[in-house]
Amino acid sequence: MSLPESAYAHFTPDIQICRILNGLWQVSGAHGTIDPAAAIASMHRYHAAGFVTWDLADHYGPAEDFVGKFQPTLPASDREKAHFFTKWVPRPGPISRQQVEQAVDVSRRRMNMDTLDVLQFHWWLYRDRAYLDALRYLMELQAVGKIRHLALTNFDTANLRLIVDGGIPIVSNQVQYSIIDRRPEVQMVPYCQQNNITLLTYGTLCGGLLSAKYLNQPEPGSVQLDTASLRKYKQMIDMWGGWQLFQDLLRVLQQIADKYQVTLDNVAVRYILDKPAVVGVIAGARLGLRDHFEDNARVFSFALDADDMAHIHAITDQSRDLFQAIGDCGDEYRR
Ligand SMILES: NC(=O)c1ccc[n+]([C@@H]2O[C@H](COP(=O)([O-])OP(=O)(O)OC[C@H]3O[C@@H](n4cnc5c(N)ncnc54)[C@H](OP(=O)(O)O)[C@@H]3O)[C@@H](O)[C@H]2O)c1
């Protein structure tokens, strides 16, 4: 299977990505048991299908080790197409140059790569400005070739601005962004557009809740919500407007999906992919348990029109304003 050209975009001049990235939080252990051999076999299937870009983190269980095993087995020409975006999520507290270098070296070793493609940095506590030190040390490691590009995850607009004004070259920010959580549109998207920064999005499928599986279903309880991801986004739906309004949304999305002969989850992804500043949507991959690449390929076969948008917004306009309720991007991690 090959994807159309529209499935790819330049993340940076030197890195082309598939606009649907495979997300590896789903192998961290909180989403079911993952068999390593089956996981690597699944990575090969995703790659062969054209889904060549991966999002992971130092703390996603064996994710970096999987990359370390997977990428050396690719033929050279395929290896060039594959890109692996990891994260560094340090504990709060003072940061030394040695600590930063050690963390980057651990990821390089685990992923079996001299140079990390993209290092996305997360920070828990804004009032501790040691994050600026950490980023400057990361810049030094970039200068010696250990990192190609510096990026962020879950930074709000005010702190992103501080970093950019501090002369730190940030290429992207990874944030929660979905039909039900459109907080990025308030401040983050305009700022990114003005400053040539792109967004990678997660939660776009709401852990799978934005799919036909939940259409016309009673509100799921804790037994049915059997992954960390489902539990997380069910809480978001509760805050957004509750299960009945969510059912109204699923019905509208299914009607749109039927019109284009795609799936409901395809519509949820297409909606965010077409937003300004968004370069890619991350879709979680429970490697070896369930492949979604055939379904996701259909995202590149259709476009939403003004009618579709009006129908979607007729529902979402009835929801609570999550920017008011939670705050800017990433504030859900800092309450
Ligand atoms: N920066 C951060 O703080 C942060 C936070 C969360 C996530 N992330 C990143 O985003 C990725 C996605 O995580 P998420 O929690 O936001 O999950 P998600 O992508 O919203 O949901 C993934 C789940 O949706 C279901 N699904 C239904 N249709 C699908 C389709 N067409 N394609 C893929 N999955 C489909 C799958 O369930 P089944 O497996 O049951 O089929 C899958 O496990 C993570 O792996 C990680 O890379 C980053």
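The values are calculated or read from the model by the stated rules, or taken from the named source; none is laboratory data. Bear in mind that the values here come from a model prediction, so they are computed numbers and not experimental data. Here the Cβ positions follow ideal geometry from the backbone for every residue, glycine too, while neighbour counts run over all protein chains shown. Note: accessible area is taken over every heavy atom of the protein model, side chains too, but ligands, DNA and RNA are not part of it. Shrake-Rupley method; radii C 1.70, N 1.55, O 1.52, S 1.80 Å.
Structure values in brief
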read-out: From phi via Karplus (6.51, -1.76, 1.60), per-residue ³J(HN,Hα) for the stretch 309-317 in Hz, x at Gly/Pro; value: 4, 4, 5, 5, 6, 4, 7, 5, 5
read-out: The chain - percent of accessible surface contributed by carbon and sulfur, probe 1.4 Å; value: 50
read-out: Charge dipole (debye, nearest 20) of the stretch 5-333; +1 at Cβ of Lys and Arg, -1 at Cβ of Asp and Glu; value: 560
read-out: Surface accessible to a 1.4 Å probe, per residue, for the residues of the chain, Å²; value: 41
read-out: Computed label-point distance, nm, for sites Arg136 and His59 using a 7 Å Cα→Cβ extension; value: 2.5
read-out: Count of lysine pairs in the stretch 5-333 with Cα separation under 23 Å (8 or more residues apart, or interchain); value: 10
read-out: Nonlocal amide H pairs with Gly23, under 5 Å, H built at 1.01 Å; value: Asp55, Ala283, Gly284, Ala285
read-out: Theoretical FRET efficiency, 1/(1+(r/R0)^6), r = Cβ-Cβ of Gln217 and Lys259, R0 25 Å, to 0.05; value: 0.65
read-out: Among Val175, Val267, Val164: highest mean-square fluctuation, GNM of the chain, C-alpha pairs under 10 Å; value: Val164
read-out: Under 5 Å, built H, 5+ apart or other chain: amide partners of Leu116; value: Ile147, Arg148
read-out: Fraction of antiparallel bridges per DSSP, the stretch 5-333 only, in percent to nearest 5; value: 10
read-out: DSSP loop chymotrypsin sites (Phe, Trp or Tyr not before Pro) with at most 15 other Cβ within 10 Å excluded, longest remaining stretch of the chain; value: 127-335
read-out: Lys, Arg +1 and Asp, Glu -1 on Cβ, resulting dipole of the stretch 227-335 about Cα centre, debye, nearest 20; value: 460
read-out: Listed residues Pro218, Pro190, Pro276, most fluctuating in the chain (Gaussian network, C-alpha, under 10 Å); value: Pro218
read-out: The chain, helix-only ellipticity at 222 nm - DSSP H runs n ≥ 4, -39,500 (n - 2.57), divided by all residues, nearest 500; value: -12000 deg cm²/dmol
read-out: Karplus-derived HN-Hα couplings along the stretch 151-160 (A = 6.51, B = -1.76, C = 1.60, θ = phi - 60°), whole Hz, x at Gly and Pro; value: 9, 10, 9, 6, 8, 7, 5, 4, 6, 4
read-out: Residue with peak Gaussian network fluctuation, the chain [Cα springs, cutoff 10 Å], from Pro92, Pro184, Pro62; value: Pro92
read-out: Trypsin sites (Lys or Arg not before Pro) within the stretch 38-130, DSSP loop, no more than 15 other Cβ atoms inside 10 Å; value: Arg127, Arg129
read-out: In degrees, nearest ten, helix 130-143 long axis to first principal axis of the chain (Cα); value: 70
read-out: Förster-model FRET efficiency, 35 Å R0, Ala158 and Glu294, C-beta, rounded to 0.05; value: 0.25
read-out: Percent RCO, i.e. relative contact order, over the chain, from Cα pairs under 8 Å lying at least 6 residues apart; value: 21
